[in-house]
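Structure record follows, encoded as structure tokens.
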Amino acid sequence: MESKHVLVSKVITSLFLCVGIVWGSYYLGKGVENKGRAEGSIAVKGSGSQDFTADLIALEGYFSVENDDLQLGFAESSRQKDELEAFLVDLGISASEITFQAATYSELQRSLYNDTGKLIGYEPYYKLTQDFEIRSNDVSSVEKASRKISDVLDKGILINMYSPRYYYTKLADLKHEMIKKATEDARQRAEIIAAESGGSLGELRDARMGVFQITGQYSDEDYSWGGSFNTADKEKTATITINLTYESN
């Protein structure tokens, strides 16, 4: 039979063991609770958009000259260049806003037929082409010119035009303003989520900017994963997204 002393020692040891288990369980539970709180997060996406009007227009085109003699072809191309430039200036475009590239040429062959329609040979001739571009902040004047430029066909100038392209020179400032809007929108969304779930918004963990999109205001073009950059429309809409992740308390 064990002595009283041994029994008392065992009882005391058991009590300490029980107390240790209780305290250990308590602190373990608190640790899990705190860990769960630290890992809680709210991820939101905010967006900002802005309508704006292009303040720069670019209009490109080219004209061509054909001649059997290369030197005469260059002379005629130079004459038509001067006549086209004068025509554009009369429409309100500054000469400094017009850039002409050097004329290029190709040597071609023209088919020759006799009176009965039989092919009897070929003769060489030259086709000279000269590209030009109008780049101006006076968007309305260039648009007016683009609608009237076909009138130079009556002067014997074989001209071809591309569709105008529209740009915005203050794009950097616009981006900064939109980032502010998108960030504020994202934070407001996060605050609503936190409040509705009975918590509060903690510190910002992560912030990532999405792609920047420019689309035509009245077009049906889709957004692109890599970002759209519309140049076809004068009236545009810019959109940007911001992804924020906050701690949740």
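Computed quantities for the displayed model
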{"quantity": "Relative packing of 117-130, 138-151, which averages over residues the other C-beta atoms within 10 Å, highest first", "calculated": "138-151, 117-130"}
{"quantity": "Gain in span if fully extended, residue 173 to residue 89, counting 0.36 nm per residue against the direct Cα distance", "calculated": "27.0 nm"}
{"quantity": "Greater than 26 Å apart at Cα, pairs in 144/180; 148/234; 45/175", "calculated": "144/180"}
{"quantity": "Distance between modelled label sites at residue 55 and residue 229, nm, 7 Å Cα→Cβ extension", "calculated": "1.9 nm"}
{"quantity": "Packing-based ranking, highest mean first, of 194-200, 61-67, 45-51 given that Cβ atoms within 10 Å are counted", "calculated": "61-67, 45-51, 194-200"}
{"quantity": "Gain on full stretching of the segment that runs from residue 43 to residue 208 - 0.36 nm per residue minus C-alpha separation", "calculated": "58.3 nm"}
{"quantity": "Charged-residue dipole, Cβ positions (Lys, Arg, Asp, Glu), the stretch 56-167 about Cα centre, Debye nearest 20", "calculated": "300 debye"}
{"quantity": "Sites residue 158 and residue 180, calculated FRET efficiency, Cβ-Cβ separation with R0 45 Å, nearest 0.05", "calculated": "0.30"}
{"quantity": "Computed magnitude of the charge dipole of the stretch 134-249 (debye, nearest 20; Cβ of K, R +1, Cβ of D, E -1)", "calculated": "540 debye"}
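Computed from the coordinates by the stated procedures, all read-outs in this text should not be read as laboratory data. Computed from a prediction, not measured in an experiment: that's the story for all the values here. Every residue, glycine among them, receives a Cβ derived from its backbone with ideal geometry; neighbour counts consider all protein chains shown.
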